[in-house]
Amino acid sequence: MNIYALGILEKNSQLLFLLRKNAKFFSGYYGLMGGRIEGNESPSAALIREAYEEIDIIITEENLQFAHCLSFKNETDEKVLALVFKIIDWQGQPVNKEPDKCTTLAWFSLHNFPKNIIPRHKHIIEMLQQSILYSELGW
């Protein structure tokens, strides 16, 4: 099973999304920040690393608040667990540090998401809005 850590940044009732490019799945779609947990990393260590690598912000474990766990099968039938955290504080201004993987960063209102958002990421946000901590898709 692949395990991912995803981060939700909220500012002024808006969430930060990255417009993906050159991705195995969902190129041209907006998605949440984060990525696969590597080696012996903990979920929080993976998200701290990904936040710096992808958008140049510094976070600590104390800045993370568990928000949701999504269990799903992806487009190639792989089993995936996504651990989602709200990033309640950070240092720095988010910028696109991976232009080969991301076209742009954009803030969207909680009530006005783009049509081209990764469906399971939209599902995660909907679960958060209902205070649901766990869900499954595609089983």
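The values are calculated or read from the model by the stated rules, or taken from the named source; none is laboratory data. These figures come from a predicted structure and were not determined experimentally. Ideal geometry is used to build each Cβ from the backbone, glycine not excepted, and the neighbour counts take in all protein chains shown.
The single condition from (1) farther than 16 Å from ASN74 by Cβ; (2) in contact (Cβ under 8 Å) with a residue 60 or more places away in the chain that TYR29 fails is (1). Filtering region 68-90 to residues that are within 19 Å of LEU47 (Cα to Cα), of a type outside the set (A, V, I, L, M, F, W, C) and not in a strand (DSSP E or B) leaves only ASP89.
Selection of region 127-139 for residues being loosely packed, with under 12 Cβ neighbours inside 10 Å and in a helix (DSSP H, G or I) yields only GLN129. Screening LEU19 on (1) surrounded by fewer than 13 Cβ atoms within 10 Å (Cβ to Cβ); (2) closer than 24 Å to HIS111 by Cα shows it passes everything except condition (1). Among the residues of region 5-14, the one identified as touching a strand residue (DSSP E or B) at 6+ places or on another chain (Cβ under 6 Å) and more than 24 Å from GLU41 (Cβ to Cβ) is GLN14.
Among the residues of region 83-115, those that are of a type outside the set (D, E, K, R) and farther than 18 Å from GLU10 by Cβ comprise ASN96, PRO99, CYS102, THR103, THR104.
Would you mind finding the one in GLN93, GLN65 that is of a type in the set (S, T, N, Q) and assigned to a loop (DSSP other than H, G, I, E, B)?
None of the other options fit; the residue is GLN93.
Looking only at region 26-61, residues that are among the hydrophobic types (A, V, I, L, M, F, W, C), buried (at least 16 other Cβ atoms within 10 Å of the Cβ) and over 11 Å from the mean Cα position of the chain (by Cα) come to 7 in all. The residue that is modelled with the highest pLDDT, counting only those in region 99-120 that are assigned to a loop (DSSP other than H, G, I, E, B) and of a type in the set (S, T, N, Q), is ASN116. In the set (1) in contact with a Phe, Trp or Tyr (Cβ under 9 Å, 6 or more places away or on another chain); (2) surrounded by fewer than 13 Cβ atoms within 10 Å (Cβ to Cβ), the condition left unmet by GLN91 is number (1).
If you go through region 100-139 one residue at a time, how many are over 14 Å from CYS69 (Cα atoms) and without any contact (Cβ under 8 Å) to a residue 12 or more places away in the chain? Total satisfying the criteria: 4.
One residue is enough: does region 38-60 have a residue meeting the conditions over 19 Å from PHE108 (Cα atoms) and in a strand (DSSP E or B)? So far as region 38-60 goes, yes, one or more of its residues are over 19 Å from PHE108 (Cα atoms) and in a strand (DSSP E or B). Here is the figure for region 94-115: residues that are surrounded by 12 or more Cβ atoms within 10 Å (Cβ to Cβ) and of a type outside the set (Val, Ile, Thr) total 13.
Within region 36-64, residues that are among the basic types (Lys, Arg) have Cβ atoms under 9 Å from residues that are assigned to a helix (DSSP H, G or I) in these pairs: ARG36/ALA46; ARG36/GLU50, counting only partners at least 6 apart in sequence or on another chain.
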